[in-house]
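K.L.:
Take this structure, written in structure tokens, and hold onto it; I'll ask about it next.
Just so it is clear, none of the values below were taken in a lab; they were calculated from the coordinates. Bear in mind that the values here come from a model prediction, so they are computed numbers and not experimental data.
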Amino acid sequence: MAKPRLVLEKKAPEPRVSRLISINTDLYNQLMDIKHETGLTVTAVVNKFIAYGVKNVEIEDNKNDD
């Protein structure tokens, strides 16, 4: 009897940029909590947050300009 085949589909690589960033400890801990709760990678969680933020950002003039 032949063994069942394992078929893997090719996935086109997504272009990526790797950059080191620094975040405060509290935000890091919250990020790790989300990672553990969802099972998503840190990269996936951060990408979703950044995508949301970029789409929903509002930029205002600094009201303290003298």
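K.L.:
Over 20 Å apart: what share of the alpha carbon pairs of the chain falls there, rounded to a whole percent?
P.N.:
Details: 1250 of 2145 pairs.
That fraction is 58 percent.
K.L.:
In nm, what is the difference between 0.36 nm times the number of residues separating residue 11 and residue 36 and their Cα-Cα distance?
P.N.:
On the way: separation 25, 0.36 × 25 = 9.00 nm, distance 2.60 nm.
Roughly 6.4 nm would be gained on extension.
K.L.:
Continuing with this model, one more query. Helix-only estimate, please: 222 nm mean residue ellipticity of the chain, summing -39500 (n - 2.57) across DSSP H runs of length 4 or more and dividing by its residues, to the nearest 500.
P.N.:
So the calculated ellipticity at 222 nm is -14500 deg cm²/dmol.
K.L.:
Relative to the longest principal axis of the chain, what angle (0 to 90°, nearest 10) does the C-alpha long axis of helix 25-38 take?
P.N.:
The answer is roughly 30 degrees.
K.L.:
Now for a different question. By how many degrees, 0 to 90 and rounded to 10, does the Cα axis of helix 42-56 deviate from the longest principal axis of the chain?
P.N.:
Once rounded, the angle reads 50 degrees.
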